[in-house]
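The values are calculated or read from the model by the stated rules, or taken from the named source; none is laboratory data. Small disclaimer: the values here were computed from a predicted structure and weren't measured. Ideal geometry is used to build each Cβ from the backbone, glycine not excepted, and the neighbour counts take in all protein chains shown.
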Amino acid sequence: MKKSKIWIRICVHLLLCTTFGVHSSEFGDAVTDDITSISLLKQNIPKDYKIPVTYIPKEVGGMCWVTLNVFHLELSLRGLADKFGNISSNKYNISILIEMLKETRYHMKNLEVITSDFECHYRDEKWQTGHYFQFVEDFLKTARSNRDSPEECDPPPCPTTTKAPATTIATKYPTSGKESLRFLPEVVERSLLSLLVIPIAAIVFLFVWKVSCSLSLKTCNLKPDC
């Protein structure tokens, strides 16, 4: 009877050690993998490369920061991975990070609802390589330390968009009464005056011609041989 109890204890002890050993090794591998992948990506991708990302700052997201950023960060990494070929080491290292985000997202509840509630707080920016992967590393560390994601998040009020002040164009009017108001540029005024000269000259010419014709007709009527 005692021997059977001893064997049972030994089996339970081995089972517990094996279980915790597997989980701890998986956890250690995950930590090593993401640090190695991020370090290699920082080295391989040019420092001045701009990577688009949609995110919410920690001061806005609070306890829900991981939940609010997991989906959009995964999309950003997928877009970055598409920039490289299938046999590229960069694509492989990015895929490791994507799998970690997928695993994080899998255990979250009400992700779509929470993301929708904070929609007005998301920011679209383009970060350089170092800043971008520092954000990724910070995200993974925070997600690992806070495995229990909240099921509800209260969003702060949406930021109000400040309208730019209307710019008024001041029209400078003459201060003295002698100075006349100029509504048209000087060149345009000259052009209009030159155009008015032509019809006025034509009218004067027609008037003179008509008067001369009338005088000629009267003179002709006075002469019997006309």
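Counting only helices (runs of 4 or more DSSP H) that sit wholly inside segment 48-116, those with at least 1 residues that are surrounded by fewer than 17 Cβ atoms within 10 Å (Cβ to Cβ) and of a type in the set (Gly, Ala, Ser) are 65-81, 89-106. Between 93, 86, the distinction of being polar (S, T, N, Q), at pLDDT 95 or above and within 20 Å of residue 44 (Cβ to Cβ) belongs to 93 only. Close contacts from segment 88-100, counting a first residue that is on the phi < 0 side of the Ramachandran plot and a second that is part of a loop (DSSP other than H, G, I, E, B) and of a type outside the set (Gly, Ala, Ser), with Cβ to Cβ under 8 Å and a gap of 6+ residues or different chains, come to 90/45; 90/84; 91/84; 94/84. Among the residues of segment 130-174, the ones that are more than 25 Å from the chain's Cα centre (by Cα), at pLDDT 50 or above and loosely packed, with under 10 Cβ neighbours inside 10 Å come to 3 in all. The set of residues from segment 90-125 being touching a Leu at 6+ places or on another chain (Cβ under 7 Å) and polar (S, T, N, Q) comprises 90, 93, 115. The condition (being touching a Pro at 6+ places or on another chain (Cβ under 8 Å) and among the charged types (D, E, K, R)) is satisfied by just one residue among 109, 126, 83: 126.
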